[in-house]
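Inspection log for the structure reproduced underneath, given as structure tokens.
Values in this text are rule-based calculations from the coordinates and carry no lab data. Computed from a predicted model, the values in this text were never measured in an experiment. FYI the Cβ positions are ideal-geometry reconstructions off the backbone, even for glycines, and counts take in every protein chain you see.
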Amino acid sequence: MIRKKTTTPRCRLLAAALLASSLPLAGAAPQPAQEAPWCDRLATRLPNISAAECRQSALAPSGVKSHRGFPILERDIAPAKADAPRVLLLGGIHGDELTASALVFEWLKQMDTPAAQAMHWKVAPLLNPDGLLAARPQRVNARGVDLNRNFPTPGWQQEAPRYWAKVTRSDPRRYPGKKPLSEPESRWINDTIERFRPDLIVSVHAPFGVLDFDGHIDPPSKFGRLVYRSVGVYPGSLGNYSGRHKQVPVITIELPHALAMPPDAEVRRIWHDMLQWIGRNL
Ligand SMILES: [Zn+2]
């Protein structure tokens, strides 16, 4: 701290230099939010993520809340380069896939590497906080809607309810809602796609242990141990809506377990392979 009485022109220069050197570089991690009261609750639920790590992740409320009032948390990490590929990284659209949210928290720790800083990231690790934090974690949101069936794919009004009734036999875990974008959580995703204009969406799920892809370019073949395999096209899914209808490709990462994290080395390998694929293809 420089006291006022010693502030000479030279001191002011020194102070300015110190201030400049302490300012975050573009893309560098912002200072951890000391408050972030949501982190204590999340740490009790997410595998391998402590409240301190949650605070370090420097997520901030997006301004939109879940049906029960939990903030949809986000972080924007912009590189110095203006034309960097824009990647929207999403986790936990299904609240009972705990590893999907935890994996995105793990990857938030890697954002200061040069490979990650070649991209402009918008990151939201838990898109269904009410499902995640329910007494027993649940796939659907607080209103019983499968958010990943609530996107406005063409013909939704006819197809989504019919698919739910006929194919899923009215499975309550796959209820698509009364109309597309009926839920605050799915509306936030849709609005973020409109505003952020990603070149790629990565959505993390579990527990099928594969990579899926919807889009107009060749799919990735392998990230870590996860191998490409299409898990199907559903009315109202994000992959169908964005990858096929809006021409913004969607990589769906399906971790092999919903409750137990992959080993750290595998978490790093998937991340590394994904960054390489993005670098080559976007
Ligand atoms: Zn899922």
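Which of rounded, prolate or oblate describes the stretch 53-281 when judged by the alpha-carbon gyration tensor and an a/c cut-off of 1.5? Rounded, since a/c falls under 1.5. Tilt of helix 184-196 relative to the longest C-alpha principal axis of the chain, in degrees (0 to 90, nearest 10)? Tilt relative to the chain: about 60 degrees. Per the Debye calculation on the stretch 37-179 with a single equal scatterer at every Cα and no solvent contribution, log₁₀ I(q)/I(0) for q = 0.19 Å⁻¹ amounts to -1.08. A Förster radius of 51 Å, combined with the Cβ-Cβ distance separating ALA265 from GLN158, puts the computed FRET efficiency at roughly 0.65. Paramagnetic label reach from PHE208 (point 7 Å along Cα→Cβ; backbone nitrogen cut-off under 20 Å): within the stretch 85-117, residues 89-104. The long axis of helix 9-22 is offset from the longest Cα principal axis of the chain by roughly 20 degrees. Of all DSSP bridge pairs formed entirely within the stretch 180-277, close to 50 percent run antiparallel.
To the nearest ten degrees, helix 98-108 and the longest principal axis of the Cα atoms of the chain are 30 degrees apart.
How long is the gain from SER170 to ARG187 if the chain were fully straight, where each residue apart is worth 0.36 nm and the alpha carbon distance is subtracted?
Numbers: separation 17, 0.36 × 17 = 6.12 nm, distance 2.34 nm.
Using 0.36 nm per residue and subtracting the Cα-Cα distance, I get 3.8 nm.
For the chain, what does -39500 (n - 2.57) per DSSP helix run (n ≥ 4), summed and divided by total residues, give at 222 nm, in deg cm²/dmol to the nearest 500? Provide the component values of the computation, followed by the final result.
Numbers: 8 runs with 85 residues, N = 282.
Mean residue ellipticity, 222 nm, calculated: -9000 deg cm²/dmol.
Among PHE105, PHE208, a tally of other beta-carbon atoms within 10 Å of each Cβ gives an order, fewest to most, of PHE208, PHE105.
Residues with beta-carbon under 9 Å from that of THR192, excluding THR192: net charge, scoring Lys, Arg +1 and Asp, Glu -1?
Here the count lands on -1.
Could you size up the charge dipole of the chain around its Cα centre, putting +1 on the beta carbon of Lys and Arg and -1 on that of Asp and Glu, and report it in debye to the nearest 20?
Details: 37 positive and 26 negative charges, 134 e Å.
About 640 debye.
Amide H to amide H, with H built 1.01 Å from N, GLU74 comes under 5 Å of ALA60, SER62, counting only residues 5 or more places away or on other chains.
Based on Cα contacts under 8 Å between residues 6+ apart, the chain shows a relative contact order of 18 percent.
Placing R0 at 35 angstrom, the Cβ-Cβ distance between ASN281 and ASP112 gives a FRET efficiency of 0.90 after rounding to 0.05.
Applying 1/(1 + (r/R0)^6) with R0 = 41 Å to the Cβ-Cβ distance of LYS179 and ALA82, what FRET efficiency is obtained, to the nearest 0.05? Don't skip to the end; give the middle numbers.
Working: r = 38 Å, r/R0 = 0.92.
Here the calculated transfer efficiency is 0.60.
Note on TYR175, TYR241: ascending count of other Cβ atoms within 10 Å places them as TYR175, TYR241, the fewest first. Beta bridges per DSSP, both residues in the chain: antiparallel share near 45 percent.
Among GLU185, GLU159, what is the fewest-to-most ranking by other Cβ atoms within 10 Å? Walk me through the numbers before you get to the answer.
Working: GLU185 30, GLU159 16.
In order of increasing Cβ crowding within 10 Å: GLU159, GLU185.
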